[in-house]
Structure formats: structure tokens, C-alpha cells
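For reference, the structure discussed in these notes is given below.
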Amino acid sequence: LIAYSSHDGFSRFNRQIIHHRRWCFYENIVHIQDRLEGPFKLATLYFYLHPDVEITEFKDKIILHIGEDHRVTFQIPTEGKLSTNMSFWYPKFGKSIPNLCLKMETSENIIDTKIIWD
């Protein structure tokens, strides 16, 4: 299954950037490809994780631990800086719970993300 979308929501910041996203779903892989059209210096992607998700970081991938029995590999082979940041999850109005956020900064116009599970 493949799904596509695009938007020009960055135009409100006086930038002529169009963000295209393609989702490819396989049996145990989700491949997300982001493509940016237009002038930019640095793109930032955020992946917010549920508070119960724990991570193990490696040079080229991050392992997400979901409970004791489930592991998910998160890969972004695109050149750039991948970091883990503290954030908050808001399950309902007035309630915030600390969580982790994966942040990817890159100057590349194509960003490939693969989420792989066993």
C-alpha cells in the first residue's frame, strides 16, 4: 500500500517550500519519504514517541522498546543530525506527561525514514 500527500503550509512563513510525503507499507516495514521542493537551509523533522516507549541509540539507528516483548528499529540514513529530546504528551486537556521526541535536522531535500519491526 502506498499513500502520498503534500502541502505548502510553510508559505505562511514567506517561503516557497512544498513538502511531499510518501508512505509505503509492507508486512513489517513502513518507509516514509519526505521530499522538500524550494529554497531552504535546514529542515527539521520531529517524531514524538508515546511515554511508555524507551530507546537505545546507535550510530545509524534507534531501537524503540515497546513493553518487554516488542522492539522497533527506527532508521534515518539521510545525512544530518539525529537527536533525542525531552518533550510532552498531552493525553487530555490540562494533563501533560513527559515523553521522548526524535529530532532530525538535515540540509538534504529527501529524507528517508524506515520503521521496522519483528
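The values are calculated or read from the model by the stated rules, or taken from the named source; none is laboratory data. As the structure is a computational prediction, the values presented were derived from the model and not from experiment. Because the Cβ atoms are built from the backbone with ideal geometry, glycine has one as well, and the counts that use them run over all protein chains shown. With ligands, DNA and RNA removed, areas are computed over all heavy atoms of the protein, side chains included. Shrake-Rupley method; radii C 1.70, N 1.55, O 1.52, S 1.80 Å.
Among the residues of region 1-43, what is the count of those that are over 22 Å from Ile116 (Cα atoms) and open to solvent by 70 Å² or more (accessible area, probe 1.4 Å)?
Number of matching residues: 13.
Taking Glu79 as meeting all but one of (1) loosely packed, with under 10 Cβ neighbours inside 10 Å; (2) under 19 Å from Asp118 (Cα atoms); (3) of a type in the set (Asp, Glu), write down the number of the exception.
Condition not satisfied by Glu79: (2).
Run down Tyr46, Tyr90 and say which single residue is in a strand (DSSP E or B), under 26 Å from Ile18 (Cβ atoms), open to solvent by 80 Å² or more (accessible area, probe 1.4 Å) and at pLDDT 90 or above.
On the way: Tyr90 fails: under 26 Å from Ile18 (Cβ atoms).
Being in a strand (DSSP E or B), under 26 Å from Ile18 (Cβ atoms), open to solvent by 80 Å² or more (accessible area, probe 1.4 Å) and at pLDDT 90 or above holds for just one of Tyr46, Tyr90, which is Tyr46.
Would you mind finding the one in Glu54, Glu105, Glu27 that is among the charged types (D, E, K, R) and assigned to a loop (DSSP other than H, G, I, E, B)?
Values: Glu54 fails: assigned to a loop (DSSP other than H, G, I, E, B); Glu105 fails: assigned to a loop (DSSP other than H, G, I, E, B).
Testing whether each residue is among the charged types (D, E, K, R) and assigned to a loop (DSSP other than H, G, I, E, B) leaves just Glu27.
If I ask for residues that are within 16 Å of the chain's Cα centre (by Cα) and in a loop (DSSP other than H, G, I, E, B), which ones from region 59-87 would you list?
Asp60, Lys61, Ile76, Pro77, Thr78, Glu79, Gly80
If you take the residues in region 51-86 that are in contact (Cβ under 8 Å) with a residue 40 or more places away in the chain and among the polar types (S, T, N, Q), which one is farthest from Asp34 (Cα to Cα)?
Thr73
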